[in-house]
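Dumping the structure here so I can ask a few things about it.
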Amino acid sequence: MESDSIDCMASSDVMDDDEIHHHQLSSSLSKTHSNNGNSNNSSLSSAVHPSTTSVHELLECPVCTNSMYPPIHQCHNGHTLCSTCKTRVHNRCPTCRQELGDIRCLALEKVAESLELPCKYMSLGCPEIFPYYSKLKHEALCNFRPYSCPYAGSECAVVGDIPFLVTHLRDDHKVDMHSGCTFNHRYVKSNPQEVENATWMLTVFHCFGQYFCLHFEAFQLGVAPVYMAFLRFMGDEIEARNYSYSLEVGGNGRKLIWEGTPRSIRDSHRKVRDSHDGLIIQRNMALFFSGGDRKELKLRVTGRIWKEQQNPEGGACIPNLCS
């Protein structure tokens, strides 16, 4: 699938228990942080006091090196390991090779209850400190956690903050970057019958000081091939609700219009697509819009993004248009 004739007008997942069990704590917890040599955050410094760090090291599984959570197992000689690795080592202690049995290290579990540690995303700005057993549940939803690359059509494991991902999309995925809150895309495919071979398209727009990802793709909805366009916000869910967008496609005197709120890139591309939260165009309708002999796809998708603002007089939301 090709994308051409692009005109952009600028204006003025909660982890389950198994996942939490295996999630490794940040290595930054073993270091104290200072600002130009002066310690200005005594609460965080005390949270990673050497004695706390030593206990934290005791809670590290010797097999997988992840932090251990109940049940913590031990052999007759007192060597510990996590419950998952207990099955991996065939019930033999990896340290002394003695049979493990079903001995729980209740003392170490109790010690863990007394620990308070900073969020693993402290270096990214999170100021929170949590009890040991609550920390990972917070980290699964922490607003400071990195974002996954929003590029669709390939498996990309890159994570980072928004500025890093914008650069990554531009330099590594060669994604088109545009400024402005209105757009006009023309999607062309010579053989619309081959829907399963269509290429996912992604364009990034910058407006209102934020970045938005416009997706367009072909996929099978049941047995019917369809085309879909939708917008994702490069930020958190709460921020995404401040914006709205519209998409329009048409031809031969007919048109389809979609209006909605962009989804955060916290939601995966596949999750948004499978929820049908966007402009869906049936193949027959797409060919009708394309005109001609209905053998070639020529879709023009236009749209705009706006920001909802509170009316200071009435309290209602009023649109802040980009153009």
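Among what's in the stretch 168-191 and is assigned to a helix (DSSP H, G or I) and in contact with a strand residue (DSSP E or B) (Cβ under 9 Å, 6 or more places away or on another chain), pick the residue that is surrounded by the fewest Cβ atoms within 10 Å (Cβ to Cβ).
Taking the candidates together, the pick is Arg170.
Taking the stretch 59-108 on its own, how many of its residues are part of a helix (DSSP H, G or I) and among the polar types (S, T, N, Q)? Please lay out each step first, then the result.
Within the stretch 59-108, the subset part of a helix (DSSP H, G or I) is 83-88, 106-108.
Restricting the remaining residues to those that are among the polar types (S, T, N, Q) gives 83-84, 87.
Counting residues in the stretch 59-108 that are part of a helix (DSSP H, G or I) and among the polar types (S, T, N, Q) gives 3.
What are the residue pairs meeting all of these: first residue in the stretch 194-216, first residue surrounded by fewer than 21 Cβ atoms within 10 Å (Cβ to Cβ) and of a type in the set (S, T, N, Q), second residue outside any strand (DSSP E or B) and at pLDDT 95 or above, Cβ atoms under 6 Å, and 6 or more apart or on different chains?
As it stands, the answer is none, since no pair meets every condition given.
Then there's this: Please tell me if Leu165 is surrounded by 15 or more Cβ atoms within 10 Å (Cβ to Cβ), in a strand (DSSP E or B) and of a type outside the set (D, E, K, R).
Values: surrounded by 15 or more Cβ atoms within 10 Å (Cβ to Cβ): yes; in a strand (DSSP E or B): no; of a type outside the set (D, E, K, R): yes.
Spelling it out, it is not the case that Leu165 is surrounded by 15 or more Cβ atoms within 10 Å (Cβ to Cβ), in a strand (DSSP E or B) and of a type outside the set (D, E, K, R).
Has the stretch 198-209 got at least one residue that is touching an Asp or Glu at 6+ places or on another chain (Cβ under 7 Å), part of a loop (DSSP other than H, G, I, E, B) and under 30 Å from Gly250 (Cβ atoms)?
yes
Residues checked against (1) under 26 Å from Tyr211 (Cβ atoms); (2) assigned by TED's automatic domain parsing to the domain that holds Phe230; (3) basic (Lys, Arg); (4) part of a strand (DSSP E or B):
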{"residue": "Gly250", "(1), (2), (3), (4)": "no, yes, no, yes"}
{"residue": "Lys255", "(1), (2), (3), (4)": "no, yes, yes, yes"}
{"residue": "Asp277", "(1), (2), (3), (4)": "yes, yes, no, no"}
{"residue": "Met285", "(1), (2), (3), (4)": "no, yes, no, no"}
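When the residues of the stretch 104-147 are filtered to those that are loosely packed, with under 14 Cβ neighbours inside 10 Å and hydroxyl-bearing (Ser, Thr, Tyr), which remaining residue is farthest from the chain's Cα centre (by Cα)?
Only one residue tops the list, namely Ser114.
Yes or no: Asp236 under 22 Å from Pro163 (Cβ atoms) and of a type in the set (D, E, K, R)? Don't jump to the end; show me each part of the working.
Numbers: under 22 Å from Pro163 (Cβ atoms): yes; of a type in the set (D, E, K, R): yes.
Judged against the criteria, Asp236 is a match.
Let me ask something additional. Under 6 Å by Cβ, and 6 or more places apart or on different chains, what pairs join a residue from the stretch 282-293 that is surrounded by fewer than 13 Cβ atoms within 10 Å (Cβ to Cβ) with one that is in a helix (DSSP H, G or I)?
none
The values are calculated or read from the model by the stated rules, or taken from the named source; none is laboratory data. Every value quoted in this text rests on a predicted model; they were computed, and no experiment measured them. No Cβ is skipped: glycine too gets one built from the backbone with ideal geometry, and neighbour counts run over all protein chains shown.
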